[in-house]
Structure formats: structure tokens, C-alpha cells
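One structure below.
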């Protein structure tokens, strides 16, 4: 089944996040004392500046990460490390903290952690954040440094929990990422926080011919094949950087072809509802998007 990373939007999701934290941090890792209500949260979870990324599969939350925008109450990362001297001063400087990363054991891995850090960065960019601070698990230190995070100190052990972490800092303007470049080139920055990250296994269908389309996809890693019928000749193969399903954003037609992953796949997905709402409010930008989509469709037809 697909695995999706998105922003939690309902109180029920937040409740499930608190229960997941308790399972991982209180019952499995024993970083905190178990609580009678089996929910783990703190004062930062009450602030309107706090949001949560969630990992879901089969309608179940199996992972989460807390994102807290800076305010006069500070951010959680301040309690772990003194990041502030390393952040420039100025009215245009805006900080976001990432933390409370927890994932059920069977879904843990470098790719998941890396993708959640990137999704957190996209959320920050969409909220005008200039710097992201994060105490991260040491094994992924080199991984996140590939996209611009800098390790700014030695490993630190948090006294109350015994958790070892590396203090890292991202200057958002230095973020080096394939999808962010795609968004900028296609003038889609205003949709950045609305995208969801989805993982598929090789052999899984992303799109079925004849179903109602409600989103478009950008391939980040992996390949897919496009066919008109199951087991039919392949019309085309799409890879990183290619877009498919975008007609669903503008029409009510059903899907015209099947799209199936031929390798393990990571895509970014944009829903029709969010897209149409924005275009209604910003018709000038709709023209640029239509031109870009027309060129992609022309190139696809030339390959068939």
C-alpha cells in the first residue's frame, strides 16, 4: 500500500500523533515515563504556531514530526541546544524548529527520515522561514547535509532523556533540492506546502484507467510505465522530473491510461481541490501553468 507524508489537518490526527509518540518514546524507547492517558505532548503542542507532518498508510498514522514556527515563546529546539548565536538578526529572519520525529519500526529508514526533513523544509519555505533548526539523529547527519543542512556542533546527549542528537541548521536560501527547483521553474511556489509526498512499491498502480482523477503527480525518484490496458504495450516510460495526471486538475474526465511503478517510487502529489481554489483566486498565474502543461502534453504525444 502507498505511504503518504502530509500535514495533519484534523484534531483526530493530532490525537493519533500523541498516541504514536507515547508508543515510540514511552513504551518502546523508554525516553519518557509512560502516562496514564497514553498520549505524549507538551506545551509547544498547544501553540497555534505548531504544525505536524504525518506519515500514513491504510488510513493509519505510522509516523510524525513536529514543526514549530518561532514566536515570543520560542521553539522546542531552544531547549536542546543554543542555536540562536548562529542565526542572523533582522526583521526578515524567521526560524522554524523540527523535532518529535517518531516512526513505527517497520517504516523507519534513511529515505523516510530524509523525505520528512525535506517536507518540513517545504512547509517552512511556504511560511517565509529563513532558517530551520533541528536536533537530528546522528546516522542521518551526512544525508541531510546533502541538501544544505549544516552540522553546527558535536553530538549532544540530552540529560533528561539520554537521547543523542546532532544540532543542525539550514539556511533556506541554500537548500539544494530537485523538487524545489522544479517548483520554481514551473512557477508553482504557492502550492509548495500543499503537495504530499507518496511512496509506492514496484508493481503498484498509481493511476487506473477509467477512475476519477483528483490529483497530479511529479516523479522525484523511480520510474513508471504508461499503458492503455493491463499487460498491454507500454506507451511511454516516465522518470524523475516527469509529470503525469495533470489533466485531472483542470477537467472532470476520468483517467485516460494506467500508470504503474516499475521501480520503488517517490512522487509529489497536488490535489485538484487546492489547485482550483488557488487558480480561481489568482487567474493570471493560471495562464503560465496552462502554457507549461500544454508543452508537456505536446512532448508526451511526440513520444507515443
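The values are calculated or read from the model by the stated rules, or taken from the named source; none is laboratory data. Computed from a predicted model, the values in this text were never measured in an experiment. Here the Cβ is made from the backbone with ideal geometry for all residues, glycine too, and neighbour counts use every protein chain on show.
Return the only residue of 273, 242, 233, 252 being free of Cβ contacts under 8 Å to residues at least 60 places away in the same chain, under 28 Å from residue 112 (Cβ atoms) and surrounded by fewer than 13 Cβ atoms within 10 Å (Cβ to Cβ).
Numbers: 242 fails: surrounded by fewer than 13 Cβ atoms within 10 Å (Cβ to Cβ); 233 fails: under 28 Å from residue 112 (Cβ atoms); 252 fails: under 28 Å from residue 112 (Cβ atoms).
Result: 273 is the single residue among 273, 242, 233, 252 that is free of Cβ contacts under 8 Å to residues at least 60 places away in the same chain, under 28 Å from residue 112 (Cβ atoms) and surrounded by fewer than 13 Cβ atoms within 10 Å (Cβ to Cβ).
Of all residues in region 1-22, those that are buried (at least 18 other Cβ atoms within 10 Å of the Cβ), in a helix (DSSP H, G or I) and touching a residue at least 40 places away in the same chain (Cβ under 8 Å) total 4. Just one residue in the set 31, 81 is on the phi < 0 side of the Ramachandran plot, in contact with a strand residue (DSSP E or B) (Cβ under 6 Å, 6 or more places away or on another chain) and modelled with pLDDT under 95; that residue is 81. Being out of contact with any strand residue (DSSP E or B) (no Cβ under 6 Å at 6 or more places or on another chain) and surrounded by 20 or more Cβ atoms within 10 Å (Cβ to Cβ) is true of residue 188.
Can you tell me which residue is farthest from the chain's Cα centre (by Cα) among those in region 215-228 that are surrounded by 14 or more Cβ atoms within 10 Å (Cβ to Cβ) and not in a strand (DSSP E or B)?
Looking at the filtered set, the residue picked out is 223.
Given the options 203, 162, name the one that is outside the structural domain of residue 56 (by TED's automatic domain parsing), surrounded by fewer than 19 Cβ atoms within 10 Å (Cβ to Cβ), more than 15 Å from the chain's Cα centre (by Cα) and at pLDDT 80 or above. Break it down into steps so the answer makes sense when it comes.
Numbers: 162 fails: outside the structural domain of residue 56 (by TED's automatic domain parsing).
Result: 203 is the single residue among 203, 162 that is outside the structural domain of residue 56 (by TED's automatic domain parsing), surrounded by fewer than 19 Cβ atoms within 10 Å (Cβ to Cβ), more than 15 Å from the chain's Cα centre (by Cα) and at pLDDT 80 or above.
Of the residues making up region 237-260, those that are farther than 14 Å from residue 216 by Cα and within 20 Å of the chain's Cα centre (by Cα) number 2.
Restricting region 24-59 to residues that are without any contact (Cβ under 8 Å) to a residue 40 or more places away in the chain and part of a helix (DSSP H, G or I), which is nearest to residue 94 (Cα to Cα)?
Filtering region 24-59 down to residues without any contact (Cβ under 8 Å) to a residue 40 or more places away in the chain leaves 26-27, 29-30, 33-50, 59.
Still in the running and part of a helix (DSSP H, G or I): 26-27, 43-46.
Values: 26: 32, 27: 35, 43: 21, 44: 17, 45: 19, 46: 20 Å.
For region 24-59, the residue satisfying everything is 44.
If we scan region 208-226, do we find a residue that is within 29 Å of residue 114 (Cα to Cα) and without any contact (Cβ under 8 Å) to a residue 40 or more places away in the chain? Yes. Residue 167 meets each of the listed conditions (1) outside the structural domain of residue 280 (by TED's automatic domain parsing); (2) buried (at least 20 other Cβ atoms within 10 Å of the Cβ); (3) modelled with pLDDT under 90 apart from (3). Among the residues of region 42-51, is any modelled with pLDDT of 95 or more and touching a helix residue (DSSP H, G or I) at 6+ places or on another chain (Cβ under 6 Å)? Yes - at least one qualifying residue is present in region 42-51.
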